[in-house]
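Down below is the structure, laid out as structure tokens.
The values are calculated or read from the model by the stated rules, or taken from the named source; none is laboratory data. Predicted model only: the values in this text are computed from it and were never measured. Methodologically, a virtual Cβ is constructed for each residue, glycine included, from the backbone with ideal geometry; neighbour enumeration extends over all protein chains shown.
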Amino acid sequence: MNDIPTDYLAGYEKARAVDPERAALYVKHTVIGDPLAEAAADDLAALGQEEAARFIETGMSGDPDGALDAAPATLRAFFENAEVQPEWLDYKTFRPGIRMFHRNSYVVLVAFVAGVLIEGFATNIAQSFMLTGRVRDKGVRRLGQNNRHMTEIFFPGGLDQHSDGWKLSVRIRLIHARLRHLLSRSGEWDAEAWGTPISAAHLGFSIAAFSARLLKHMKTLGANYNEEEHKSFMDIWRYSGYLMGIPETILFRDAEEALQLYDIGLVCEPEPGLESIGMAHALVNSAPVIAGAANSGERRQLARYVYRMSRGLIGDRTAESLRYPDVSAFGAVAWFRLQMRFGQLLDKVLPGHRHKSSFNRFGYLLAGSTYDKDGINFRLPAHVYGECAGEW
């Protein structure tokens, strides 16, 4: 453990007293990347964005015409690896989780934006986002891409090979690999302090947050789901995480393990710095635009509401460390939960209301997601800074 990044030394000592094995696992993965994907992304960068995107799109579609033969060998190896299905994969287990997601999709979006994304930025995950400017300067598009990915993996058949949820998960793996290369060579990445850019530790932490931690926030907000749906929701995120290249050494197996990883990761991570503060506020202020707020007054009012909801979910300590404005969370979460339960009651007794609310929930998903007119964008970033990287 001599190569622990310096930012993690103090947290690791605290975490060892709680769970020494899992603490060691977490800090070990702060210096682990994804060599297979990185080799492919590096070779693609030499081709130029357009040619690289064509090869990626071909591989994502299963290469029906053999066009991938002309691609770099590293990319062919990457797609061969992406198509390997783990022994634990069982598509049938996804059905309850998909139904639960769509039944509670509005709650999912609120818990995702006001809860787990903010909590993620309270860690060193914020470093890579701040350096690239991907949320600071292109926050609306980035948030819409997050929503799009989540929507597609919870679409029936979305994680079947070469379906859109599968493609978007594999695409994330390649983008992370490309950004890892750009960040590590930017001259601004402090590897001694932070470890590997977009490390396996951060990816394992994030997928645990997107699944088990998200479920806890959803329950707080009034979502309803049973044990089968809970497990299925976790199974879907686990396979998506596998496709994103998260090593199985730090990819959770169930909700209990995910929460343990999340908790120990928080102890290992340093206290939020200026990067975390900046990213959290950029995210909150992007949310009203995604929601369709028409003018600056509406956006300020909605941002204030997001701050209140977020404080109610993440707690005062984290909110204060991220320098939230002095707004009270009192009653915000309870009122939201009451509204959700009233809606659930109406769904049970009024079939017409159920159909209308289902349509509205799906509309929220689409409205908050990024859909490019030419389909999925398979371009990789050409530069470390978002404003110079092109549209991807």
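Within region 259-280, residues that are on the phi < 0 side of the Ramachandran plot sit with their Cβ atoms under 7 Å from residues that are in a helix (DSSP H, G or I) and at pLDDT below 95, at 6+ positions apart or across chains, in these pairs: 275/130; 278/130; 279/129; 279/130.
Limited to region 22-75, what total is found for residues that are outside any helix (DSSP H, G or I), touching a Lys or Arg at 6+ places or on another chain (Cβ under 8 Å) and at pLDDT below 95? Residues in region 22-75 being outside any helix (DSSP H, G or I), touching a Lys or Arg at 6+ places or on another chain (Cβ under 8 Å) and at pLDDT below 95: 0 in total.
For residue 153, state whether it is touching a helix residue (DSSP H, G or I) at 6+ places or on another chain (Cβ under 9 Å) and farther than 19 Å from residue 41 by Cα. Explain how you work it out, then say what you get.
Working: touching a helix residue (DSSP H, G or I) at 6+ places or on another chain (Cβ under 9 Å): yes; farther than 19 Å from residue 41 by Cα: yes.
Here the answer is yes, as residue 153 does meet what is asked.
Consider residue 292 carefully, then state whether it is surrounded by fewer than 18 Cβ atoms within 10 Å (Cβ to Cβ), within 22 Å of residue 107 (Cβ to Cβ) and either touching a residue at least 40 places away in the same chain (Cβ under 8 Å) or touching a Cys at 6+ places or on another chain (Cβ under 6 Å) (or both). When the stated conditions are applied, residue 292 passes them.
Taking each residue of region 102-120 that is in a helix (DSSP H, G or I) and looking for partners that are of a type in the set (D, E, K, R) with beta-carbon atoms closer than 6 Å, six or more apart or interchain, yields 105/361; 106/361; 116/213. Residues that are surrounded by 22 or more Cβ atoms within 10 Å (Cβ to Cβ), out of contact with any Asp or Glu (no Cβ under 9 Å at 6 or more places or on another chain) and among the hydroxyl-bearing types (Ser, Thr, Tyr): does region 233-246 have at least one? Yes. Candidates 179, 159, 174, 168: the one that is in a helix (DSSP H, G or I), hydrophobic (A, V, I, L, M, F, W, C), over 29 Å from residue 288 (Cα atoms) and at pLDDT 95 or above is 174.
Residues in region 295-332 that are buried (at least 19 other Cβ atoms within 10 Å of the Cβ), part of a loop (DSSP other than H, G, I, E, B) and of a type in the set (Ser, Thr, Tyr): 324 only.
Quick check on residue 270: is it touching a Gly at 6+ places or on another chain (Cβ under 7 Å) and not aliphatic (A, V, I, L, M)? Outline the logic, then answer.
On the way: touching a Gly at 6+ places or on another chain (Cβ under 7 Å): yes; not aliphatic (A, V, I, L, M): yes.
Judged against the criteria, residue 270 is a match.
Residue 133: in contact (Cβ under 8 Å) with a residue 40 or more places away in the chain and on the phi > 0 side of the Ramachandran plot, yes or no? Yes; evaluated as a whole, the condition is true for this residue. Flag: residue 347 matches the condition of being free of Cβ contacts under 8 Å to residues at least 12 places away in the same chain and surrounded by 14 or more Cβ atoms within 10 Å (Cβ to Cβ).
I want to confirm something. Restricting to region 256-288 and keeping residues that are over 20 Å from residue 126 (Cβ atoms) and surrounded by fewer than 21 Cβ atoms within 10 Å (Cβ to Cβ), which single residue is nearest to the chain's Cα centre (by Cα)?
Residues of region 256-288 over 20 Å from residue 126 (Cβ atoms): 256-260, 288.
Keeping just the survivors that are surrounded by fewer than 21 Cβ atoms within 10 Å (Cβ to Cβ) gives 256-257, 259-260.
Details: 256: 19, 257: 18, 259: 16, 260: 18 Å.
Applying the filter and picking the extreme gives 259.
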